[in-house]
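Notes for the one structure printed next.
The values are calculated or read from the model by the stated rules, or taken from the named source; none is laboratory data. Please read all numbers here as calculations on a predicted model, not as lab measurements. Ideal geometry is used to build each Cβ from the backbone, glycine not excepted, and the neighbour counts take in all protein chains shown.
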Amino acid sequence: MDTDGGRGGSGIQSLALHSDTQKLEEAVTRLSEDIDAFLAERIAEVQSWAASPVVIKAVKKARAAHAKEGFDGLGLQQVESKFRTSKSLGLAPEARAFLGEQIRRSSDFSGVFFTDAKGFNVALSGPATDFVQSDEEWWQRALSSAIFVSDIVFSSSANVWAMDIAVAIRDVGTGNSIGVMKAVVPLRFAQLFADRVARGLSVPGQLLHTQLPGSTLNGTAVPRTEILVATRDGLLIAETRSAHAPGRIMQPETNLLADASVAHMARAYDSERAGSFIAARNASDSSEGASSHMIAFARSADSSYFAPVIGDFPGVDWMIIAEAPNLSGHGVLPELSGSLAGNQRNLGQGLLWLGATLCTALLLSSMLLCWVFGRWVLTPVRALTDSVQRMEQGQVGTRITVSSTGEFEELAEALDRIRNMIVRMVQRLRQTPRPD
């Protein structure tokens, strides 16, 4: 985009830049809302599974069988030694089939299983590493608090980074916790969401400053808009730039809060829940001629969003960031507050220039409209009015015409026919002999 167009050009660029950052901010805000809605739906889904009659029946049957086998009086290692290969007694085939059906219906889960009140496995949709779960934090938290959503952990059974959703299984009659169900949700959902948003923002022309046809930045083709999703500690969950490379996801060496090459991203963590600014690609480079990028960010919801449905779940507090190159030629503003102030100043100048232009255009349009109205409407109406007044005064010898076409011309012709009728009637009256 040309940046040497004077004050007017700068104003237009400022408005376009403001529009672009607004689009980025709206996009990441929608992405954060999608993530929150997804998690709420998955938690509700697991809760509905845990309340299924087939699950409750299987838990009660397994609890009695486990007690009969004498597992309650054995130590954890003693019990585990009895389940070196199979991780359940296989007492609930109907429940296992139920879990398998739920997993087949939903691609959002990599596995699900549930235990009885002592933490012994009852039914599993896939392989497991242990038979006893009572020593796990997720199990203890879910049994006592009804629900527990873990931080991101590596699932060795599924070989993916994932979140655990654990909910208590309640007895319908007493309301007491009689077991725990755990489902594993891989992080791929956040990565798929990020890809979708990045594709939408990278459509040519979507952002004025990044996808102009043939645009280049420092002699190279303009990169597309990129999306990052990171934990509250700065670890990457999704990174469209690297296609979510496993070597970068959840790795300390790619921490947004520690990596100097992307230190500008850390400003989002010190800001409000959503916003945007312009920064140098490398935080140490804030010179006027430096390559700058538009940054927009939004946080996922806190406990107030989930409380009406889920209770005490605090939310995941993830940061969603969009980054797009800025080709407007506006200088890099090193601090967040300065960037926002600079945007406001440029926006104010642009609005003044745009307002003056609109006022001038409106005045000229009004003058043109008045001239056209007078030329094509008032002039023919005055001419017809004068002709009718002459006819009222008996002056019917002049033909009625207007310098117009369409309905005015048809009206003039109709009036002229009436004039001709009057002329003929007068002539007949004059030719008629008077009676003696």
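Quick check, is GLY275 at pLDDT 85 or above, more than 19 Å from ALA190 (Cα to Cα) and either surrounded by fewer than 20 Cβ atoms within 10 Å (Cβ to Cβ) or assigned by TED's automatic domain parsing to the domain that holds ILE321 (or both)?
Numbers: at pLDDT 85 or above: yes; more than 19 Å from ALA190 (Cα to Cα): yes; either surrounded by fewer than 20 Cβ atoms within 10 Å (Cβ to Cβ) or assigned by TED's automatic domain parsing to the domain that holds ILE321 (or both): yes.
Judged against the criteria, GLY275 is a match.
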What's the number of the only condition in (1) within 18 Å of ILE178 (Cβ to Cβ); (2) more than 33 Å from the chain's Cα centre (by Cα); (3) surrounded by fewer than 18 Cβ atoms within 10 Å (Cβ to Cβ); (4) not hydroxyl-bearing (Ser, Thr, Tyr) that ASN121 fails to meet? (3)
Among the numbered criteria (1) within 29 Å of GLY173 (Cβ to Cβ); (2) in the same structural domain as ALA123 (by TED's automatic domain parsing); (3) modelled with pLDDT under 95, which single criterion is violated by LYS61? (3)
Of VAL132, VAL184, VAL180, VAL197, the only residue that is touching a residue at least 12 places away in the same chain (Cβ under 8 Å), over 30 Å from ARG232 (Cα atoms) and buried (at least 17 other Cβ atoms within 10 Å of the Cβ) is VAL132
Search segment 148-159 for residues that are farther than 15 Å from GLU137 by Cβ and pair each with any residue that is assigned to a loop (DSSP other than H, G, I, E, B) and among the β-branched types (Val, Ile, Thr) when their beta-carbon atoms are under 9 Å apart and the residues are at least 6 apart or on different chains. SER156/THR129; SER157/THR129
Restricting to segment 69-87, what's the tally of residues that are exposed (fewer than 11 other Cβ atoms within 10 Å of the Cβ) and either in contact with a strand residue (DSSP E or B) (Cβ under 9 Å, 6 or more places away or on another chain) or farther than 15 Å from ALA117 by Cα (or both)? 4
Which of the numbered conditions does GLN102 fail, given that it passes all the others? Conditions: (1) within 23 Å of ASP36 (Cα to Cα); (2) in contact (Cβ under 8 Å) with a residue 60 or more places away in the chain. (2)
Quick check: is even one residue across segment 103-113 assigned by TED's automatic domain parsing to the domain that holds LYS182, over 33 Å from the mean Cα position of the chain (by Cα) and assigned to a helix (DSSP H, G or I)? no
